[in-house]
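**Q** Quick one: the structure is below, questions incoming.
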Amino acid sequence: MSTGIGAPADTFELIRRHLSPRLALTGSFAGRGATEVAADGCRVALSDGRTALDFGSYAVTLLGHRHPDVLAAVRAQLDAMPTSTRSLANPTAAGAAARLAEYFQLALPKVHFGLNGADVVEVAVKLARLATGRSRVVAVRGGFHGKSLGALALTHSPLFRRGLLGTAVDVVHVPADDPDAVLREVRGGNVAAVVFEPVQGENGAAVLPVDVLRRWCADAARHGAFTVSDEIQCGLRRCGERSVALAAGLPVDAVLVGKPLGGGIVPLSALVCSEELYAPLSADPFLHSATFGGHPLSCAALPAALTAIEAAAGHGARLAAALDGALAELARRHGESIAGLRGTGLLRGIDFASPAVAGSVVVELAGAGLLVSPCLGRPATVRLLPPLVAAESDITEAADILDTAIGVAARGAM
């Protein structure tokens, strides 16, 4: 298989020259000098003939790579009308919006499409500020909501704000385990929205306590503030439910989804929200827009992706149970290296004894053929994001690779 631009050395040279030397170094290190050239299901083919089991990919490939039903839907749209005039009504975008609202049982009937997670975080905060006439936002310590300036204000880790003197939104970050935190902030006035991830992906798959979230939603509603559940990483059955917040009975005003929404084929994200939060856009649909928002190719993927996700949901529950057992056994075998386990469903975090041990494990995994997601804001934790299309034998294979890698890292730390 060919990259289309020559040997791997050419790829790394182009990345060094036109993107970033550090990015070239990271990619070369992760692939042991090889590049990715093709993918199918949960397997990625490398330029040197090796394959890797993909339990990473920023949580995009919940349906694996190149899911046939999503590919067929996108190809059909490509042959018919791949882009929109933006002047005429587009039935593909309209149908996708209706399908997504129905997916959440019309609990949240309004939809706005973006291309990535930060897009819809931005519009959710913008709408909350316009609808309430207030400026402040309450976010959660450990949360990650994107790196564009508005979304970056909600992201907790200072690592992502190095060199920036300020951000565009007035945000306070509260502890995830403090039931009174939102009440204190809303009593102070001027709070437009409370934004949280029910499962914090970048924070090592930390699950926020539902009783605290329920209290926050109630306190926000009583004081006229909106609540937004950011499920860009944890929603759409990644953590077992269509929406983690709605399944828990949380009366949120919006759910944000993305990553696998385009079926792992095309970029797509969405704000799904109440009439009240959406009111500014209902009054003026051009208040917030983007050239490629509601792009027909992406919207064509959505119904096929949601159908495929639902068809695999039962299998996903069985995979999650297998992952539970495999991780528990790893923790038992490597008690000195593994400090704890986090997460739920197919979003898991392994807390290692130190960032050095975690780094060593990631290095070993890359060479052994298992792709995972490190946590930049929590460097001692490694995320596992297996796709719904994986087999239980893939979970076993991943656990065996982890077992060896952790053993090598432990011996190196002695």
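**Q** Can you put 58, 278, 103 in order of accessible area, largest first, using a 1.4 Å probe?
**A** Descending order: 58, 278, 103.
**Q** If you average the C-alpha positions of the stretch 387-414 and of the stretch 278-292 separately, how far apart do those two centres end up, in angstrom?
**A** Measuring centre to centre over Cα atoms gives 46 Å.
**Q** Per the 1.4 Å probe, what fraction of the accessible area of the chain, in percent, lies on carbon and sulfur atoms?
**A** Of all accessible area on the chain, carbon and sulfur atoms account for 56 percent.
**Q** Using mean Cβ contacts within 10 Å as the protection proxy, how do 339-348, 391-400 order, highest first?
**A** Taking the mean over residues of other Cβ atoms within 10 Å, the ranking is 339-348, 391-400.
**Q** I've got another one for you. Using per-residue counts of other Cβ atoms within 10 Å, averaged over each peptide, order 376-384, 10-18 from highest down.
**A** Descending packing order for the listed peptides: 376-384, 10-18.
**Q** Once you have the alpha carbon radius of gyration of the chain, what is it after dividing by 2.2 N^0.38 Å, with N set to its residue count?
**A** Relative to the 2.2 N^0.38 Å estimate, the chain comes out at 0.98.
**Q** To the nearest 10 square angstrom, what accessible area does residue 170 show with a 1.4 Å probe?
**A** Only protein atoms counted, so the area is about 80 Å².
**Q** Once the piece of chain linking residue 279 and residue 7 is laid out straight, how much longer is it, given 0.36 nm per residue of separation minus the C-alpha distance between them?
**A** Working it through step by step, the gained length comes to 92.6 nm.
**Q** Now, a different point. What does the accessible area per residue of the stretch 12-120 come to in Å², with a 1.4 Å probe and no ligands, DNA or RNA counted?
**A** Here the residues of the stretch 12-120 average 55 Å² of exposed surface.
**Q** Using the Cα centre of the chain as the reference point, and only Cβ charges (+1 on K/R, -1 on D/E), how large is the resulting charge dipole? Debye, rounded to the nearest 20.
**A** 740 debye
**Q** Work from the charge dipole of the stretch 277-369 (Cβ charges, +1 for Lys and Arg, -1 for Asp and Glu, about the Cα centre) and give the residue of 328, 359, 298 farthest towards its positive end.
**A** Value computed over the given set: 328.
**Q** Mind listing the phi-derived Karplus ³J(HN,Hα) values for the stretch 379-391, rounded to whole Hz, using 6.51, -1.76 and 1.60 with θ = phi - 60°, and x for any glycine or proline?
**A** Result, ordered by residue: x, 8, 10, 10, 8, 10, 10, x, x, 4, 8, 5, 9 Hz.
**Q** Give me a comma-separated list of calculated 3J(HN,Hα) values for the stretch 213-218, in order, Karplus coefficients 6.51, -1.76, 1.60 applied at θ = phi - 60°, integers in Hz, x for any Gly or Pro.
**A** 4, 4, 5, 4, 4, 5
**Q** OK, next. Could you work out how far helix 68-80 tilts from the main Cα principal axis of the chain, as a 0 to 90 degree angle to the nearest 10?
**A** It is inclined by approximately 60 degrees.
**Q** Moving on. If I stretch the segment between residue 76 and residue 356 completely, what's the gain in nm (0.36 nm per residue apart, minus their alpha carbon distance), one decimal?
**A** Gain on extension, residue 76 to residue 356, equals 96.0 nm.
**Q** Taking only Cα atoms, what is the 0 to 90° angle, nearest 10, from helix 392-413's long axis to the longest principal axis of the chain?
**A** On a 0 to 90 degree scale, this one is about 70.
**Q** Given C-alpha coordinates of the stretch 207-299, what is the ratio Rg to Rh with the Kirkwood estimate of Rh?
**A** 1.01
**Q** Let me ask another. Helix-only mean residue ellipticity at 222 nm, the chain, DSSP H runs n ≥ 4 weighted -39,500 (n - 2.57), per residue, nearest 500. What is it?
**A** -13500 deg cm²/dmol
**Q** Another one. If you bin the C-alpha pair distances of the stretch 1-160 every 10 Å from 0, what whole percents do you get?
**A** Taking all Cα pairs of the stretch 1-160, the binned fractions are 8, 21, 30, 27, 12, 1 percent.
The values are calculated or read from the model by the stated rules, or taken from the named source; none is laboratory data. Fair warning: this is a prediction, and the values are worked out from it, not measured in the lab. Methodologically, a virtual Cβ is constructed for each residue, glycine included, from the backbone with ideal geometry; neighbour enumeration extends over all protein chains shown. Areas reflect the complete protein model, heavy atoms only, side chains present, ligands, DNA and RNA absent. Shrake-Rupley method; radii C 1.70, N 1.55, O 1.52, S 1.80 Å.
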